[in-house]
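Beneath this line is the structure, given in structure tokens, with notes to follow.
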Amino acid sequence: MATTQVIDLLLQDGSDYESTVGIVGLLYATVAAHAGAAYRRTPKQKTRARRLTGSLGAASTIRALGFAAFAILTHAPGTRSRLFAKGVVVLLCVPDFIVVSSYALLIVVWFECFLDARRHWLDRNQYRWHFRIAYFGLNVVLVGAMVLLYALIFFSGIDGVRYTYVALAAVSIAAPVAHCALYVTLSLQFAPFPLRGGDDEHRAHRSRVVVAWACGRALWGLVVVTACSQIGTATALRRDPQLGGVALAALFLFTEVCPFALTLDSGFLGLVDGDAVTTAPPSLYGTAPAAPRVESSGQFV
């Protein structure tokens, strides 16, 4: 049976992090309740906003359950088995896959808004199709990887926990890098086209939220890579449970809780599907040179 630092931490040193686990668990429970309320008040026609709030609610709920299972593992001696510890690891890892998928959805929303912000006659539907295919493909890969890695954790002698965290860290780092690369590419491609104007505040709001997610994902990935690389950081934190508890709480606070709270803000959720409501109805846009849309807006005068 493979041994990992994560499972050993749960079985041996979990009691040193009781207060941290309790505080972080309460934070996620609060975010889950907030996400549930946001989901209920979001109109059904705003599909992307409902998908986003539902995903964040599910991730926060599972994360809170994972920390509750962590507390049970440390307080109930009868549950201190490697099988139960692996179940706790699964509960703590599932939200990471959901968070990566949610970040990908935000990137799709951001780039569609980027296209709408420019006065151009290019085929917007083609760009949207490519973005959505990439988003769908990423989700298929995430689900497949999750099933494979969890099978390794439970049914293989390979260190599946470490591979799971390394894979999640790689995706978490690669997503912001891909986002930056696409931004540079599209900025150069659409440089000849001027901005429409009048939507600067909304664009800045979307950008702040997406940048917060990018920084959070990149930081989370770098921390996990550092912990899995055995360079001594994780061992040093385990020697000082107080410092390790503060570092753990700060990690979840800045990489997930704060980005979740920014996303669940009603002002931002109103912008997620705002473009679909205000500018998408002209069905001819993108199938022809888009002259009907330009003439009706009157913004070239």
Selection count where residues are surrounded by fewer than 16 Cβ atoms within 10 Å (Cβ to Cβ) and in contact with a Leu (Cβ under 8 Å, 6 or more places away or on another chain), scope region 169-185: 0
Any hit, region 202-224, residues being surrounded by fewer than 19 Cβ atoms within 10 Å (Cβ to Cβ), at pLDDT below 85 and either over 25 Å from LEU182 (Cα atoms) or in contact with a His (Cβ under 6 Å, 6 or more places away or on another chain) (or both): no
Yes/no for ILE107 being under 30 Å from PHE84 (Cβ atoms) and crowded, with 18+ Cβ neighbours inside 10 Å: no
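Would you confirm whether or not region 191-200 contains a residue that is in contact (Cβ under 8 Å) with a residue 60 or more places away in the chain, surrounded by 20 or more Cβ atoms within 10 Å (Cβ to Cβ) and either over 18 Å from the mean Cα position of the chain (by Cα) or under 20 Å from VAL99 (Cα atoms) (or both)? It would help to see each step written out before you state the result.
Pass one, region 191-200, residues in contact (Cβ under 8 Å) with a residue 60 or more places away in the chain: 193-197, 199.
Filter again for surrounded by 20 or more Cβ atoms within 10 Å (Cβ to Cβ), leaving none.
Checked region 191-200: no residue is in contact (Cβ under 8 Å) with a residue 60 or more places away in the chain, surrounded by 20 or more Cβ atoms within 10 Å (Cβ to Cβ) and either over 18 Å from the mean Cα position of the chain (by Cα) or under 20 Å from VAL99 (Cα atoms) (or both).
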Meets criteria (out of contact with any Asp or Glu (no Cβ under 6 Å at 6 or more places or on another chain) and at pLDDT below 85) for CYS228: yes
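May I ask you to say which residue of PHE97, PHE84, PHE67 is within 24 Å of THR30 (Cβ to Cβ), modelled with pLDDT under 85 and either of a type in the set (Phe, Trp, Tyr) or in a helix (DSSP H, G or I) (or both)?
Numbers: PHE97 fails: modelled with pLDDT under 85; PHE84 fails: within 24 Å of THR30 (Cβ to Cβ).
Selected residue: PHE67, the only one of PHE97, PHE84, PHE67 that is within 24 Å of THR30 (Cβ to Cβ), modelled with pLDDT under 85 and either of a type in the set (Phe, Trp, Tyr) or in a helix (DSSP H, G or I) (or both).
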Extreme residue, farthest from LEU264 (Cα to Cα), among residues of region 39-62 that are buried (at least 22 other Cβ atoms within 10 Å of the Cβ) and either of a type in the set (A, V, I, L, M) or without any contact (Cβ under 8 Å) to a residue 24 or more places away in the chain (or both): ALA59
Hits in region 150-163 (condition: assigned to a helix (DSSP H, G or I) and at pLDDT below 80): TYR150, LEU152, ILE153, PHE154, PHE155, GLY160, VAL161, ARG162, TYR163
Some residue of region 146-161 being among the aromatic types (Phe, Trp, Tyr) and without any contact (Cβ under 8 Å) to a residue 24 or more places away in the chain: yes
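Of the residues that make up region 256-276, is at least one under 27 Å from SER101 (Cα atoms), among the acidic types (Asp, Glu), modelled with pLDDT of 85 or more and not in a loop (DSSP other than H, G, I, E, B)?
The initial filter retains those residues of region 256-276 that are under 27 Å from SER101 (Cα atoms), namely 256-276.
Subsequent filtering for residues that are among the acidic types (Asp, Glu) retains 256, 265, 273, 275.
Imposing the further condition that a residue be modelled with pLDDT of 85 or more reduces the set to 256, 265.
Narrowing the set further to residues that are not in a loop (DSSP other than H, G, I, E, B) leaves 256.
Yes: one or more hits.
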Cβ-Cβ under 6 Å pairs, at least 6 apart or on other chains, region 103-124 side aromatic (Phe, Trp, Tyr), far side at pLDDT 75 or above: TYR103/ALA175; TYR103/TRP213; TYR103/ARG217; TRP110/ARG206; TRP110/VAL210; PHE111/PHE131
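The values are calculated or read from the model by the stated rules, or taken from the named source; none is laboratory data. Treat the numbers as computed from the prediction; the structure is a model and nothing was measured. So basically every Cβ, Gly included, is an ideal-geometry build from the backbone, and we count neighbours across all protein chains shown.
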